[in-house]
Each structure stands twice: as C-alpha cells, then as structure tokens.
Amino acid sequence: MSSEPAEVQTMLTTVSEALWEVKPAKQITWLLDSGFDDVTVWRTIWEQQEHVVCRVSHHDRIVQWQTESGEWTSGPLEKAAERAKVLAEVRTSMEVKRGKQAHPKKQAVEVEISACPFQITYPCSVRRPNQGKDQILRKELWLVQVLVLDSTLEPWWLITD
C-alpha cells in the first residue's frame, strides 16, 4: 500500500498519459479543490505541460511579489493578496444565504472578481529521491479572489497559472 501523496502522483501521471493522444490539440487544465493545495501536485502538472486552477488552503504560504516601486519582496500569500485589483463584477444566480435570511435559497447575486500576480519558488525534488543537486524553480502565478457580495460566504481564493 502506498501513501496518499504517492497515490496522487500516480493519478496525475496516469490521467496525463491517458490524454497523451489529445494533448497536442488540447490544453489540459486541472481544477482542484483545497486538498490539492500542494506545490508537489502542481509541479507534476506543470512538468506534464498542463495547467492548474486550485482553491487555496494555505493562505500563509510564502510567495514573492513586486511592490509598487518594482522591488521584489517575500511574505505570506495573504499579504500579497492586498495588491489584488477588481477586474470584473458579474451577476449570476446561486444558492446562498443573504442578509437575515434563515436558509440559503437560489437567487441573483453580485460577484466581485479580483486578482494579482505573484511567484513561488520550490525545489524540484520535493517528495522525490534526491538525484544530485536540488534545483530551485520559480513559477509565475495569479491569485484570483471571488467574493459573493452581501452573502454569508467566505471569499474564494484560487491559484492559477
């Protein structure tokens, strides 16, 4: 029996191999919940020339971003999120609890979508047998925040490449 991280890695490579024939004509994007907020999962996806959208679990992850003056700085993702700018406001219908409503119901809502760029650095050999000197990689990503206005829902934080 293998560990859960090993099983996840096997799943990622098995699915990618199954899609091998369509990959030249299609762009593959993995949509992942917060349980996959793990750079080793993302690394495997990126090595397969695929993309990721993942709900954030680790708001305290250390990332890098450019300040207004163009300097690079490091800190927790939640600090980088302060730079997010509203990019879109949309109206949709979804089941939510608003205001003093006792129960959620399907209704029209306004949604605000904000985003900001950032970078992460990560060792390429995490959870792999070390094959010589460990290489540190850098990846440019976006933090996307989705806020359902006037609702009891917490904002959704998504990381995407």
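The table below gives the values:
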quantity: Any hit, segment 83-97, residues being part of a loop (DSSP other than H, G, I, E, B) and in contact (Cβ under 8 Å) with a residue 24 or more places away in the chain; calculated: yes
quantity: Extreme residue, nearest to residue 124 (Cα to Cα), among residues of segment 52-76 that are outside any strand (DSSP E or B) and among the hydroxyl-bearing types (Ser, Thr, Tyr); calculated: 57
quantity: Among the candidates 78, 21, 50, residue that is at negative phi, surrounded by fewer than 15 Cβ atoms within 10 Å (Cβ to Cβ), charged (D, E, K, R) and out of contact with any Cys (no Cβ under 7 Å at 6 or more places or on another chain); calculated: 21
quantity: Residue among 61, 138 that alone is within 20 Å of the chain's Cα centre (by Cα) and exposed (fewer than 14 other Cβ atoms within 10 Å of the Cβ); calculated: 138
quantity: Residue within segment 98-110 that is out of contact with any helix residue (DSSP H, G or I) (no Cβ under 7 Å at 6 or more places or on another chain) and under 23 Å from residue 57 (Cβ atoms) present; calculated: no
quantity: Filter result for residue 88 (over 18 Å from residue 55 (Cα atoms), within 24 Å of the chain's Cα centre (by Cα) and exposed (fewer than 15 other Cβ atoms within 10 Å of the Cβ)); calculated: yes
quantity: Matching residues, segment 12-44, being closer than 16 Å to residue 142 by Cα and among the β-branched types (Val, Ile, Thr); calculated: 29, 39
quantity: Residues of segment 96-126 satisfying the condition of being modelled with pLDDT under 95 and among the charged types (D, E, K, R); calculated: 97, 98, 100, 105
quantity: Residue list for segment 30-51, restricted to those being in a helix (DSSP H, G or I) and among the aromatic types (Phe, Trp, Tyr); calculated: 36, 42, 46
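The values are calculated or read from the model by the stated rules, or taken from the named source; none is laboratory data. The structure displayed is predicted, hence computed values, not measured ones. Cβ coordinates were reconstructed from backbone atoms using ideal geometry, including for glycine residues, and neighbour counts include every protein chain displayed.
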